[in-house]
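Peer 1: Can you read through this structure? Questions will come right after.
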Amino acid sequence: GQLTASLDAFAAAGAAATGAVVADAPLPALRAAVRDIPADEVVVVTTPHALEDTFHTDWASRARDELQVPVMHLYAGTSQLG
């Protein structure tokens, strides 16, 4: 699926990456992953959510506030950064 394609693209670029799709709220899973796996950066890919993204209430922005690593927010199907 899309996750496999993304991880393959990171590997092709020479970057080590892991990923997961979660059914529940993503922030607790991301917090646990950053705690358990040494991470230099987190890349979040979501669909655009205009209102949440504008006011930085989306979960990627909240992760940026909570985690001790940089968080890059990409929008699926676009070249936009959040």
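The values are calculated or read from the model by the stated rules, or taken from the named source; none is laboratory data. Being a predicted model, the structure only gives us computed values, none of them experimental. For neighbour counting, all protein chains shown are included, and Cβ atoms are generated from backbone atoms with ideal geometry for every residue, glycine included. Remember, those area values only see protein heavy atoms, side chains included, never the ligands or the DNA or RNA. Shrake-Rupley method; radii C 1.70, N 1.55, O 1.52, S 1.80 Å.
Peer 1: What are the pairs with Cβ atoms under 9 angstrom where one residue, in the stretch 18-30, is within 21 Å of residue 70 (Cβ to Cβ) and the other, located anywhere, is open to solvent by 100 Å² or more (accessible area, probe 1.4 Å) and not hydroxyl-bearing (Ser, Thr, Tyr)? Sequence gap at least six, or different chains.
Peer 2: Pairs that qualify, where the first residue is within 21 Å of residue 70 (Cβ to Cβ) and the partner is open to solvent by 100 Å² or more (accessible area, probe 1.4 Å) and not hydroxyl-bearing (Ser, Thr, Tyr), are 27/62.
Peer 1: Could you run through the stretch 19-57 and say how many residues are at pLDDT below 75 and either outside any loop (DSSP other than H, G, I, E, B) or surrounded by 11 or more Cβ atoms within 10 Å (Cβ to Cβ) (or both)?
Peer 2: Final tally of qualifying residues: 9.
Peer 1: Please go through the stretch 3-18 and give me each residue that is polar (S, T, N, Q) and either under 18 Å from residue 39 (Cβ atoms) or not in a helix (DSSP H, G or I) (or both), ordered by number.
Peer 2: So the first thing to find is which residues in the stretch 3-18 are polar (S, T, N, Q), and the list is 4, 6, 18.
Of everything in the stretch 3-18, those that are polar (S, T, N, Q) and either under 18 Å from residue 39 (Cβ atoms) or not in a helix (DSSP H, G or I) (or both) turn out to be 6, 18.
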